[in-house]
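Chemist: Quick one: this structure, given as structure tokens, is what I'll be asking you about.
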Amino acid sequence: MRFIGFIAFAVLLFSGCSKSVEPSDEIVKVISSCGSSTIVVTDIKGRKKSDGFMQAQVSGENKSNSYMLLEYQVVWFDKDGFKIESLLSKWKTTPAYANQPFQINAISPNTKATTFRLYIKSDKEVICDEQYSGQ
């Protein structure tokens with residue numbers, strides 16, 4: 001009887017870890033471990049647009065009482081996992097006002113992009129390094 005209870009518990013445990021099905025035209029991942037104590041990344045979305053370019057959108061919040069200038073970089077990859085070299089992949093800045101949400105938007109350099117990697121840093125400390133794929 002104890003063994004059956006253990007099996008039932010294991011089945012419930014592993015069924016809770018199954019991957020949810022996402023729409024094929026949208027890449028969505030909510031971040032729980034990407035951020036610092038003052039900068040929190042709450043949502044990252046990516047999708048293929050109708051023109052074939054990929055769009056990335058990042059939402060976050062500055063939970064501190066002071067203005068911060070964040071640096072971010074989006075690196076795009078093709079379907080084979082190769083980095084797409086582009087001038088658009090350089091580090092850029094975005095303001096994060098005190099106790100306010102912020103948003104970062106990026107468009108892929110060409111239509112071959114299928115995934116991207118996001119880097120965000122504040123005061124030279126990397127606070128986000130996440131990879132996203134469309135599968």
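Bear in mind that the values in this text are calculations on the coordinates, not laboratory data. What you see is a predicted model; the values in this text were computed from it and never measured. Glycine also receives a Cβ, built like all others from the backbone with ideal geometry; neighbour counts cover every protein chain displayed.
Chemist: Fully extended, how many nm does the chain gain between S50 and D78 (0.36 nm per residue separation, minus their Cα-Cα distance)?
Modeler: That pair, S50 and D78, stretches by 8.4 nm at full extension.
Chemist: What net charge do the residues around D78 carry, taking every other residue with its C-beta under 14 Å from that of D78, with Lys and Arg at +1 and Asp and Glu at -1?
Modeler: In short, +3.
Chemist: Evaluate the distance, in nm, between pseudo-label points positioned 7 Å from the Cα of T94 and of S59 along their respective Cα→Cβ axes.
Modeler: Output for this residue pair reads 1.2 nm.
Chemist: Sticking with this one: Taking N as the number of residues in the range 59-119, what is its alpha-carbon radius of gyration divided by 2.2 N^0.38 Å?
Modeler: In units of the 2.2 N^0.38 Å rule of thumb, it is 1.32.
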